[in-house]
1. Among 282, 278, which is more than 24 Å from the chain's Cα centre (by Cα), surrounded by fewer than 19 Cβ atoms within 10 Å (Cβ to Cβ) and at pLDDT 95 or above?
2. Which condition number in (1) farther than 26 Å from residue 167 by Cβ; (2) touching a helix residue (DSSP H, G or I) at 6+ places or on another chain (Cβ under 7 Å); (3) in contact (Cβ under 8 Å) with a residue 60 or more places away in the chain is the one that residue 48 fails?
3. Mind listing whichever residues of region 322-357 are in contact with a strand residue (DSSP E or B) (Cβ under 8 Å, 6 or more places away or on another chain) and modelled with pLDDT of 90 or more?
4. From 6, 61, grab the single residue that is within 18 Å of the chain's Cα centre (by Cα), modelled with pLDDT of 95 or more and part of a loop (DSSP other than H, G, I, E, B).
5. Which of the residues belonging to region 36-55 are surrounded by fewer than 17 Cβ atoms within 10 Å (Cβ to Cβ) and assigned to a strand (DSSP E or B)?
6. If the requirement is being surrounded by 24 or more Cβ atoms within 10 Å (Cβ to Cβ) and within 22 Å of residue 14 (Cα to Cα), which of these qualifies: 70, 88, 79?
7. Considering every residue within region 297-315, establish whether at least one is part of a loop (DSSP other than H, G, I, E, B), under 22 Å from the mean Cα position of the chain (by Cα), at pLDDT below 95 and surrounded by fewer than 16 Cβ atoms within 10 Å (Cβ to Cβ).
8. Just one of (1) under 22 Å from the mean Cα position of the chain (by Cα); (2) surrounded by fewer than 20 Cβ atoms within 10 Å (Cβ to Cβ); (3) at pLDDT below 95 trips up residue 225, so point out which.
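The values are calculated or read from the model by the stated rules, or taken from the named source; none is laboratory data. The structure presented is a predicted model; accordingly, all values stated were derived computationally and were not measured. Note that each Cβ is placed from the backbone with ideal geometry, even for glycine, and that neighbours are counted across all protein chains shown.
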């Protein structure tokens, strides 16, 4: 790798990966293409390590001409594709944007990479790689007794978000099989950690609790997710880029599969210790059950045997250690939170989707 294009690199996972590469790959030039929609922010890229090797480009992956120009002008040899609309609730209310970004945007990237690489790198296909970052939600839902998802699990998306990601996964594989484009894919579980946009469960719970607001719990709170600390995810993607086999898919999970209600109560217990409520009431007193969202999948879990066996990766963070680090990060970065809220539509989104439930 010499010149890496990271799409969505001002978002949550993308910005963490930018930081990870700047530390662990001292000779790379990183080109970061992000449209700076509500979940991507320049604030996520402040105080980067080795910032001279990071080049930010504001732009949309739906702009085919721009994508082609970026790949050709900067002689891109590696694409790491994070850019996506990624919130299930938002996909229910506005599915069209998910189709555009997650399907058409991915198509534009594949076409640009194919045109440039097959012209310029046709004699050295091992020197290029398109890595597509996807989600476990493409597999649908698991019953309580079902085995975890793995790389061979049939697709069964159940929301506009997961359907759009499933489509993009199929496009990436089709470009590999049809055109010989060198690709890898990964399907990850729920990420959490620093720089996560405050609409997701973990940061929403932390920030609402700090402000004494209600902590919304969908349905009975017994939905199960596999929680992955974002830096562990970054390490896994880095290993796939370095050692992953062309054309292969790798499942990435955190080996942490509690019900959502346990995530909330664990955060509350951490905050009871680090930032008690006035009067000493437990933060769990703020929990509020709200109507479950349409089509809410009951359980996800991920089997990570393949990536452990082939690449030697496994998560390093337990749920407790990862949540403690995450809570401490948000406590220490209130200026980041304020800046994100000022430039986003988060307040309007919360008002629309939680106050009426």
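1. Details: 278 fails: at pLDDT 95 or above.
Within the list 282, 278, the selection yields 282.
2. (3)
3. From region 322-357, those in contact with a strand residue (DSSP E or B) (Cβ under 8 Å, 6 or more places away or on another chain) are 322-323, 325-326, 354, 357; that's our starting set.
Those that are in contact with a strand residue (DSSP E or B) (Cβ under 8 Å, 6 or more places away or on another chain) and modelled with pLDDT of 90 or more: 322, 323, 325, 326.
4. Numbers: 6 fails: part of a loop (DSSP other than H, G, I, E, B).
Going through 6, 61 in turn, just one is within 18 Å of the chain's Cα centre (by Cα), modelled with pLDDT of 95 or more and part of a loop (DSSP other than H, G, I, E, B): 61.
5. 55
6. Working: 70 fails: surrounded by 24 or more Cβ atoms within 10 Å (Cβ to Cβ); 88 fails: surrounded by 24 or more Cβ atoms within 10 Å (Cβ to Cβ).
Result of the check over 70, 88, 79: 79.
7. yes
8. So residue 225 meets the others, but not (2).
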